[in-house]
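As structure tokens, the structure follows; a few thoughts come after it.
The values are calculated or read from the model by the stated rules, or taken from the named source; none is laboratory data. Worth saying up front: this structure is predicted, and the values here are computed from it rather than measured. Methodologically, a virtual Cβ is constructed for each residue, glycine included, from the backbone with ideal geometry; neighbour enumeration extends over all protein chains shown. Just the protein is used for accessible areas: all its heavy atoms, side chains included, with ligands, DNA and RNA removed. Shrake-Rupley method; radii C 1.70, N 1.55, O 1.52, S 1.80 Å.
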Amino acid sequence: MKRIAIFASGKGTNAERLIRNFEGHRDAQVTLVVSNRADAGVLEVAKTFGVETLVVDRENFYNNN
């Protein structure tokens, strides 16, 4: 099975469509939503569907050696 990650920072309407589209699909599934904003609505959308979330702090990302 292919695992799909969605990168988003907004309300999550497009992410919700993608998650719904792959729900119950036998060959692919959305398994992760990544955002650079801890307050992004997409994170709540993902949690509603049981999709794991990850928030990436941009400053730490670029300054981490």
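Against the list (1) closer than 18 Å to D57 by Cα; (2) out of contact with any helix residue (DSSP H, G or I) (no Cβ under 6 Å at 6 or more places or on another chain); (3) hydrophobic (A, V, I, L, M, F, W, C), the condition I6 fails is (2). Residues in segment 41-56 that are open to solvent by 80 Å² or more (accessible area, probe 1.4 Å) and either closer than 15 Å to F7 by Cα or of a type in the set (A, V, I, L, M, F, W, C) (or both): E44, K47, E52, L54. Within segment 12-29, residues that are part of a helix (DSSP H, G or I) have Cβ atoms under 6 Å from residues that are open to solvent by 80 Å² or more (accessible area, probe 1.4 Å) in these pairs: F22/Q29, counting only partners at least 6 apart in sequence or on another chain. Which of the residues that make up segment 34-48 are of a type outside the set (S, T, Y) and more than 13 Å from T13 (Cα to Cα)? Across segment 34-48, the qualifying residues are V34, N36, R37, A38, D39, K47. The residues listed here are A8, A38; of these, the one that is open to solvent by less than 80 Å² (accessible area, probe 1.4 Å) and of a type in the set (A, V, I, L, M) is A8.
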